[in-house]
Amino acid sequence: MNLTNLVEKRKLKNAQIRFYVEEAKKSCQLFFNNEYIYSKSEALEELGVESELLDQLLEDFVVQIIHSNKTFRKYLDALKNAQYHNIGHDFTPFRELVHKNLGVARNLRIKDSEKILKRLIESEDTQEIDILLDILEACVVILHPVKSYDTLQIISMNQDEEV
């Protein structure tokens with residue numbers, strides 16, 4: 001592969017990432033009245049860790065949320081199905097996974113994700129949960145666009161292989 005092809009691939013990837021971020025910002029504006037920006041310096045000061053470690057933890061959080069979001073969707077589908085068929089439904093597994101992610105968001109001082117995750121724990125409205133899951137994913141796209149993009153691409157490729 002020559003340099004021109006590599007440059008073109010990079011330009012395409014950057015354009016797709018910009019698109020993801022713009023769409024994510026639109027989603028987050030629906031939920032947050034003001035534009036929240038994660039403060040890495042605040043987190044570094046409060047946590048007392050090295051910048052490189054925090055960067056790795058943030059990347060891990062992004063991957064965790066995107067993967068968890070896929071699991072959240074499976075739980076949500078099961079809850080919707082149970083509600084539709086008017087049979088008992090249990091939010092416990094869903095809430096346990098939300099709680100796990102909430103702890104990480106709190107530890108890393110990611111306030112937008114924390115706010116959404118708190119609402120997810122409290123809600124039993126499947127339509128609201130559906131919207132909140134979209135916004136949660138949008139928040140991590142804004143937090144770390146490149147890692148989000150790469151993770152979403154890997155998941156997409158894996159889903160294509162399963163079909």
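Quick note: the coordinates plus some simple rules give every number you see, no bench work behind them. Note that the structure is predicted; figures quoted are calculated from it, not measured. A quick note on method: Cβ atoms are made from the backbone with ideal geometry, for glycine too, and the neighbour counts reach across all protein chains shown.
Of the residues GLU52, GLU45, GLU59, the one with the fewest other Cβ atoms within 10 Å heads the list, and the complete ranking is GLU52, GLU45, GLU59.
The Cα trace of region 42-134 gives Rg and Dmax of 15.1, 51 Å, the first to one decimal, the second as a whole number. Of LEU97, LEU3, the sequence from fewest to most neighbouring Cβ atoms within 10 angstrom is LEU3, LEU97.
Would you compute the Debye intensity of the chain from its alpha-carbon atoms alone, equal scatterers and no solvent, and pass along log10 I(q)/I(0) at q = 0.09 Å⁻¹ to two decimals? Those come out to -0.35, one per q. In whole Å, how far is the Cα centre of region 94-163 from that of region 30-68? Rounded to whole Å, the Cα centres lie 13 Å apart. In plain terms, the residue of LEU12, LEU133 with the fewest other Cβ atoms within 10 Å comes first and the most crowded comes last, giving LEU12, LEU133.
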